[in-house]
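What follows draws every value from the coordinates through simple rules; no lab data is involved. The structure displayed is predicted, hence computed values, not measured ones. Positions of Cβ are backbone-derived with ideal geometry, glycine not excepted, and every protein chain shown enters the neighbour counts.
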Amino acid sequence: MIWLIGNKGMLGAELSLLLEKSGYSFIGTDSEVDITSLAALEDFIRTQQNDTQPIDCIINCAAYTAVDKAEDDAEKCRQLNTLGAGNIAVCAKSINAWLIHISTDYVFDGEGIKTEGENVPRPYREDDATNPIGVYGLTKRDGELTVLENNPHSYIIRTAWLYGKYSSNFVRTMLKLMNERETIRVVNDQKGSPTWTYDLSEAIITFLCAMDKNPAPYGIYHFTDEGEISWFDFACKIHILARKMGILTKNCEITPCTSADFPAKVKRPAYSVLDKTKIKTVLNIAIPLWDNSLRKFLAIGSI
């Protein structure tokens, strides 16, 4: 049986539906089980664990993700992203369960890594040095370290630029603004890979399938949808597709700007592109292009 932690969040809610559709037996929890308390986690396991249906996999989608708010709420952020992740790893090890833990591109500083003779950075690889630049990224990086320290038999999946049906996100925000305003400005100096929660959920399901047959090597993996664009390019594509599909009934002018035009407590990574070679090779999967997934997301009426 699978224990899905954070089942009411954007990724967790999507994954819950796919687990059910795929025929997996699972239990889902959210804030009702306090991950910052090792005792609370152990108590929950005792009430659920039995000889006929033991918990053999834990998936942790829970996290503190309010990037700017984290600067003023650092202790709560650390409790959830570092201490909580470590507690879950301890519990997984104690019951000999697999652990899949979700992490983020924010463990990197976003400056990118340039190879000799190249003017543009290459995508971040799993073994590149981390260097988080804010509380959120720091606590997620420390969460990774704590997970691996407490349970080396873990999978960590870093992802970026997530959007989906079950929470506020960039796609929903853009469509709302495009419906309300004649013009909007969107930053054009941050690059990444938009990622549909459904695609990431499918990758997690593939990990589960592999566990039953030929388990993937433990460690860190990267997953986003394919391609790299700026937030401005992403917004333009949202507008084009939404107009074609009738989701937007009027035009909205989208103009590029810089990150400096939107001051924030935390500098956003200028380059968040992750290299997916490892996960594609190990799981033998093809990853969808970001624009194809965006089209599908809009087409199924997720807004």
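Couple of notes before you dig in:
- Cα-derived Rg over Rh, computed across the range 132-216 with Rh taken as Kirkwood radius: 1.08
- Highest mean packing comes first when the peptides 125-133, 265-273, 54-62 are listed by Cβ atoms within 10 Å, giving 54-62, 265-273, 125-133.
- Listed pairs 69/165; 244/265; 21/250 exceeding 31 Å between Cα atoms: 244/265; 21/250
- Rg in Å to one decimal, and Dmax rounded to a whole Å, for the range 1-132 via C-alpha atoms: 17.5, 59
- At least 18 Å along the helix axis (C-alpha) and Kyte average at least -1.0, DSSP helices within the chain: 135-150, 197-213, 231-245
- Applying 0.36 nm per residue to the separation of residue 277 and residue 43 and subtracting their alpha-carbon distance, the gain on full extension is 80.3 nm.
- Listed peptides 36-45, 254-263, 81-90 appear in the order 81-90, 36-45, 254-263 once ranked by packing, highest mean of other Cβ atoms within 10 Å at the front.
- Förster-model FRET efficiency, 25 Å R0, residue 96 and residue 149, C-beta, rounded to 0.05: 0.90
- Candidate aspartates and glutamates for bridging to residue 296, where Cα separation is under 14 Å - those fewer than 8 sequence places away on the same chain excluded: 199, 225
- Working note: Cα gyration tensor of the chain, eigenvalues times five, square-rooted, sorted largest first, giving semi-axes of 32, 22, 19 Å.
- Cα-based equivalent ellipsoid of the range 205-250: semi-axis lengths in Å, sorted from largest, via gyration tensor: 38, 15, 6
- Whole-number D in µm² s⁻¹ for the range 84-198, Kirkwood Cα-pair radius fed into Stokes-Einstein, 10 °C, 1.306 mPa s: 95
- Pair-distance profile P(r), taking every C-alpha pair of the range 220-303, with 5 angstrom steps and integer %: 3, 11, 18, 17, 17, 17, 12, 5, 1, 0
- Relative contact order of the chain, pairs being alpha-carbon contacts under 8 Å that are 6 or more residues apart, as %: 20
- Reported to the nearest whole Å, the Cα centre-to-centre distance from the range 18-74 to the range 211-282 is 26.
- Spatially proximal aspartates and glutamates relative to residue 213 (Cα-Cα < 18 Å; intrachain offsets below 8 disregarded): 56, 202
- The chain: calculated mean residue ellipticity at 222 nm from DSSP helix runs of at least 4, using -39500 (n - 2.57): -11500 deg cm²/dmol
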